[in-house]
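*Asks:* Once you've had a glance at the structure underneath, I'll fire off some questions.
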Amino acid sequence: MSISRLEQIKSKLRTYDEASIFRSIEELGSRNAVGPLVPMPYDPSKPFHQLTTVRCNVSSISNEMLAPLGPAVHRNFAVIPPAWREHQDMLQFIAGEMLRSGMNFTLVTNHSNVVDIALVLGALRLELATLIGGEEFSQSSGLIISRGIATTKADLSNLGINMPTVEALQLFANIFFSFPTTASVRSKNFPAELIKLSNELTRIELGKFLKPGGRLLAVAPSASKDIFLRDRVHMQPLKNGTMDIMQGWVIPVAVTLDSSEPPACKVLPWRIVKSYEDCHQTMRDIAHECYRQTLIPHHYYDKPSLFEEAKANISKLRRS
């Protein structure tokens, strides 16, 4: 992609009122303000509050400094590391490819909270400590996360940490922002061009990041969010943009940390994804494993019409 296209996109994004857009994003991001995450006001001096910023480079800390963060962020973090330890051959293969700048990997999870994917990624870095240095791992790893996270800060008083959530995530990964296109986002009437341009800019930055090879990209698609409706968990269909990212080696992880579910984590067999149907099947496998480990039915819908039909039926049941 040419530099001129980059500048063209950024020039158009600068025409939007950032403070106004931030307020709308903040309303969506409020659902992320749980646990140690609290709302953060708009600050034009912060790069991640600027619409032209879709990538924040890793700053990196030692494994010794990273280790306490997981338990501090979530009381159920302890279920995640053992899930990685069950796959020593895979860990060695991943480390080898990252060290040799070989193939890329995509780590995909469901999630009840937006930080679940960060906990899974952080645990992976710690489990790879004997195979690849923490800083080297972080330089080659990325995390795609909703721009809504930029409206929060992490208050970890027990560790003496109170900082923007983005800056906390930057301690162990490169951060890429996505602009979700779910129904809740559409309800805020964001300009369609803004969403399109922002996500195009993200794809450009992701392409530059992935090009050298040996990269690991972690993503918890907005469509994979655990939505509790009438004692069941529902996951919306993946968007095409997410499925495009998933092409290649994929490591699926089923994680249930929410208080309404038994805490559990399972790393599923890694696989080569070659089509959209492979992506849908990966999410079905994650949903099935979540059901198996929690005994709470989890449903993944591969078509928007099926998801909307399920919501409509549930609404009827609630009214009856």
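*Asks:* Which value, in Å³ per residue, describes the convex hull spanned by the Cα atoms of the chain?
*Replies:* 133 Å³
*Asks:* Next question. Once the other residues with Cβ under 11 Å from the Cβ of Asp116 are scored (Lys, Arg +1; Asp, Glu -1), what is the net sum?
*Replies:* -1
*Asks:* Given the peptides 225-235, 47-57, 204-214, arrange them by the average over their residues of other C-beta atoms within 10 Å, most packed first.
*Replies:* Top to bottom by mean Cβ count within 10 Å: 47-57, 225-235, 204-214.
*Asks:* Follow-up. Under 10 °C and 1.306 mPa s, how fast does segment 172-292 diffuse according to Stokes-Einstein, given a Kirkwood radius computed over C-alpha pairs? Answer in µm²/s, whole number.
*Replies:* 99 µm²/s
*Asks:* Dividing the Cα radius of gyration by the Kirkwood radius, what Rg/Rh value follows for segment 109-170?
*Replies:* 0.98
*Asks:* Still on this structure, please answer the following. Taking the highest mean first, how do the peptides 80-89, 292-301, 161-170 order by number of other beta carbon atoms within 10 angstrom per residue?
*Replies:* Listed from highest to lowest mean packing, they are 161-170, 292-301, 80-89.
*Asks:* Can you give the net charge of the other residues whose Cβ lies under 14 Å from the Cβ of Leu6, counting K and R as +1 and D and E as -1?
*Replies:* Net charge around Leu6: +4.
*Asks:* Would you calculate the separation in nanometres between label points at Gln247 and Leu229, each defined as 7 Å from the Cα along the Cα-to-beta-carbon direction?
*Replies:* In this crude spin-label approximation the distance works out to 3.1 nm.
*Asks:* What does the net charge come to around Arg271 if you take all other residues with beta carbon closer than 13 Å to its beta carbon, with K and R at +1 and D and E at -1?
*Replies:* Once positives and negatives cancel, what remains is -1.
*Asks:* Anything over 30 Å Cα to Cα? Flag those among Lys12/Lys153; Lys196/Lys266; Lys46/Lys303; Lys10/Lys303; Lys12/Lys303; Lys266/Lys303, in the order listed.
*Replies:* Listed pairs above 30 Å: Lys196/Lys266; Lys46/Lys303; Lys10/Lys303; Lys12/Lys303.
*Asks:* For n ≥ 4 DSSP H runs only, could you compute -39500 (n - 2.57) per run for the chain, divide by its residues and tell me the 222 nm figure to the nearest 500?
*Replies:* -12500 deg cm²/dmol
*Asks:* In cubic angstrom, how much convex hull volume per residue do the alpha carbon atoms of segment 39-172 span?
*Replies:* 118 Å³
Any read-out appearing in this document is the output of simple, stated calculations on the displayed coordinates, not a laboratory observation. Quick caveat: nothing in here was measured; it's all calculated off a predicted structure. Don't worry about glycine lacking a Cβ; one is built from the backbone with ideal geometry, like all the others, and counts go over all protein chains shown.
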